[in-house]
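**Student:** Before I ask anything, here is the structure I am working with.
The values are calculated or read from the model by the stated rules, or taken from the named source; none is laboratory data. No experiment lies behind these values; they were computed from the predicted model shown. Counting neighbours? That spans all protein chains shown, and the Cβs are built from the backbone with ideal geometry, glycine included.
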Amino acid sequence: MGAAPAAGSGQAVSADEIIAEIKREIGEHKILVYGKGTKDQPMCGFTIETKQFFEQLGYPFEILNVLDNPAKRQVLTQMTDWPTLPKVFINGEFYGDTDILGPMQEKGELTALLAEAFK
C-alpha cells in the first residue's frame with residue numbers, strides 16, 4: 001500500500017505510520033471504537049447502536065471517526081480482516097462489532113472481559 005495523505009495535513013503518510021497511530025490509539029483506551037462519527041456525533045445507525053451498547057455497560061469508551069480518513073479505514077480493514085464499521089477494540093484486542101459483542105454479553109463473556117480490562 002502506498003502513501004496516502006493524512007487527514008487535513010496535505011502530507012503523505014505511509015501504511016506503517018498509520019498502523020503505528022492505530023496501535024497508539026488502541027493502547028490509550030480500554031474500549032476503542034472506530035466508527036462513522038464521534039461519541040458526541042455518531043453518523044450512522046451502527047455507530048449509534050455501538051455507543052448505546054457501551055453506555056449501558058457503564059465503562060468508559062471512545063469513538064474515533066474514520067470517515068474523513070479513507071487510508072486509515074483501509075489499514076484498519078486489513079489489520080482486522082473486518083470490512084465494516086464500527087470496529088471495536090477492548091484491552092488492545094479486536095472484537096468486531098455489536099453483532100459479536102451482543103452474544104458475548106448474553107453469555108457473560110463480555111462482563112468478564114471488561115472486568116479484566118478495567119481491574
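**Student:** Anything in region 37-59 that is under 23 Å from Ala71 (Cα atoms), buried (at least 19 other Cβ atoms within 10 Å of the Cβ) and of a type outside the set (S, T, N, Q)? List them, or say none.
**Tutor:** Gly37, Pro42
**Student:** Still on this model: Would you be able to say whether some residue in region 43-56 is modelled with pLDDT of 95 or more and in a loop (DSSP other than H, G, I, E, B)?
**Tutor:** Checked against the condition, which is being modelled with pLDDT of 95 or more and in a loop (DSSP other than H, G, I, E, B), region 43-56 yields at least one hit.
**Student:** Restricting region 83-96 to residues that are without any contact (Cβ under 8 Å) to a residue 60 or more places away in the chain and touching a Leu at 6+ places or on another chain (Cβ under 8 Å), which is surrounded by the fewest Cβ atoms within 10 Å (Cβ to Cβ)?
**Tutor:** Within region 83-96, the match that is surrounded by the fewest Cβ atoms within 10 Å (Cβ to Cβ) is Tyr95.
**Student:** Determine whether region 104-118 contains at least one residue that is modelled with pLDDT of 95 or more, closer than 29 Å to Ala12 by Cβ and either of a type in the set (Ser, Thr, Tyr) or crowded, with 16+ Cβ neighbours inside 10 Å (or both).
**Tutor:** Checking region 104-118: not a single residue is modelled with pLDDT of 95 or more, closer than 29 Å to Ala12 by Cβ and either of a type in the set (Ser, Thr, Tyr) or crowded, with 16+ Cβ neighbours inside 10 Å (or both).
**Student:** For region 31-79, what are the residues that are more than 11 Å from the chain's Cα centre (by Cα), within 23 Å of Ala117 (Cβ to Cβ) and touching a residue at least 40 places away in the same chain (Cβ under 8 Å)?
**Tutor:** Of everything in region 31-79, those that are more than 11 Å from the chain's Cα centre (by Cα), within 23 Å of Ala117 (Cβ to Cβ) and touching a residue at least 40 places away in the same chain (Cβ under 8 Å) turn out to be Phe46, Glu49, Phe53, Leu57, Tyr59, Met79.
**Student:** Between Val33, Val13, which is of a type in the set (Val, Ile, Thr) and at pLDDT below 95?
**Tutor:** The unique qualifying residue is Val13.
**Student:** Somewhere in region 16-35, is a residue among the small types (Gly, Ala, Ser), touching a strand residue (DSSP E or B) at 6+ places or on another chain (Cβ under 7 Å), exposed (fewer than 13 other Cβ atoms within 10 Å of the Cβ) and part of a strand (DSSP E or B)?
**Tutor:** no
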